[in-house]
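Read the structure below first, then the notes.
The values are calculated or read from the model by the stated rules, or taken from the named source; none is laboratory data. The shown structure was predicted, so the numbers you read here are calculated from the model rather than taken from an experiment. Cβ placement follows ideal geometry from the backbone for every residue including glycine, while neighbour counts extend to all protein chains displayed. We work out accessible area using only protein heavy atoms, side chains counted, and drop any ligands, DNA or RNA first. Shrake-Rupley method; radii C 1.70, N 1.55, O 1.52, S 1.80 Å.
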Amino acid sequence: MTETFFGEFDLASLSLWLFYFFFFGLVVWIQRENMREGYPLEDDDGNKSSNPSMWPLPEDKTFDLPHGRGSVTVPSGQVPERADIPMKRSGPGNGYPLEPTGDPMLDGVGPASWAPRRDVPELDGHGHPKIVPMSANEAFRFATGRDPRGLPLMSGDGEVVGKVVDMWIDEPEQLVRYLEYTLDAKWGTGNRLVPLTLARIKSDRVVVRTLYGKHFATVPQHASSTQVTMLEEEKISGYYGGGVLYADSARQEPQL
């Protein structure tokens with residue numbers, strides 16, 4: 001026999017073209033899967049974007065959440081974005097900076113912004129709350145370094161606003177996430193949390209530079225004394241983070 005089964009057909013060229021088509025399809029599929037959250041796009045005013053995407057939205061997919069927390073369907077069932085945010089655009093076109101129209105720290109905008117996460121605690125792999133106070137977990141104890149419990153809490157303007165009473169730990173990660181403090185009567189009532197990364201532990205005090213004394217009364221509170229929800233964490237962290245810019249008008253001026 002002088003002729004092969006494929007004749008003059010180029011199998012190498014076929015393989016190459018098949019790879020091209022497969023890779024193109026893979027890229028399109030990945031791009032569409034990437035659109036399950038945050039789509040359809042919106043402009044700065046919350047209106048539907050005039051340039052949504054090159055590709056159509058993917059079909060709905062339902063995910064069953066662990067530990068009996070129901071299910072979520074995306075993209076149509078995603079958590080809606082925050083509406084009626086008190087900010088205005090400083091110019092006529094898209095891309096202009098947005099300026100707060102009220103108290104940015106209380107309104108949760110700019111550096112103080114927070115995302116509408118679920119108002120339930122984050123869980124570990126066994127279905128238990130990840131972040132709990134050390135006083136409620138006998139498996140953990142303070143081993144070395146400076147124990148902040150019992151130290152006064154000082155604000156960025158030098159005011160003593162309360163006293164640190166507990167540390168909140170991320171049990172699976174085995175690290176401290178928050179310090180809990182009790183406010184002095186002059187500055188408010190009740191207990192608050194401060195992210196450890198925004199507190200500086202000294203030998204005789206704990207300093208939170210991002211806020212001034214007058215801001216501590218309106219620090220977002222956590223509803224339970226034994227757990228903190230994901231939404232509460234967002235608001236707490238956003239409030240302290242926003243103070244870096246908004247606690248003092250001088251911080252909003254050029255630094256050079």
Task: In region 83-95, the residues that are within 25 Å of Thr210 (Cα to Cα), open to solvent by less than 60 Å² (accessible area, probe 1.4 Å) and in a loop (DSSP other than H, G, I, E, B) - done: Pro86
Open item on the list: Give me the residue from region 52-74 that is touching a Leu at 6+ places or on another chain (Cβ under 7 Å) and at pLDDT 90 or above and, out of that set, least open to solvent (accessible area, probe 1.4 Å).
Closed with: Val72
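Determine whether Leu98 is open to solvent by 70 Å² or more (accessible area, probe 1.4 Å) and of a type in the set (A, V, I, L, M). Working first, answer last.
Details: open to solvent by 70 Å² or more (accessible area, probe 1.4 Å): yes; of a type in the set (A, V, I, L, M): yes.
Criteria met by Leu98.
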TODO: Assess whether Arg251 counts as being open to solvent by 30 Å² or more (accessible area, probe 1.4 Å) and either over 30 Å from His126 (Cα atoms) or over 21 Å from the mean Cα position of the chain (by Cα) (or both).
DONE: yes
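Sort out for me the strands (runs of 3 or more DSSP E) sitting completely within region 149-188 that have 2 or more residues that are open to solvent by 60 Å² or more (accessible area, probe 1.4 Å) and in contact with a Pro (Cβ under 8 Å, 6 or more places away or on another chain).
Working: elements: 152-155, 160-170, 175-183.
Answer list for region 149-188: 160-170.
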- [ ] Taking Glu232 as the residue in question, decide whether it is touching a residue at least 40 places away in the same chain (Cβ under 8 Å) and open to solvent by less than 60 Å² (accessible area, probe 1.4 Å).
- [x] yes
TODO: Can you work out which of the residues in region 101-137 that are in a loop (DSSP other than H, G, I, E, B) and among the aliphatic types (A, V, I, L, M) is surrounded by the most Cβ atoms within 10 Å (Cβ to Cβ)?
DONE: Val109
Open item on the list: Return the pair list, or none, for Cβ contacts closer than 9 Å from residues in region 171-185 that are within 18 Å of Arg149 (Cβ to Cβ) and without any contact (Cβ under 8 Å) to a residue 40 or more places away in the chain to residues that are open to solvent by less than 60 Å² (accessible area, probe 1.4 Å) and among the polar types (S, T, N, Q), at least 6 apart or on different chains.
Closed with: Tyr181/Asn191; Thr182/Asn191; Leu183/Asn191
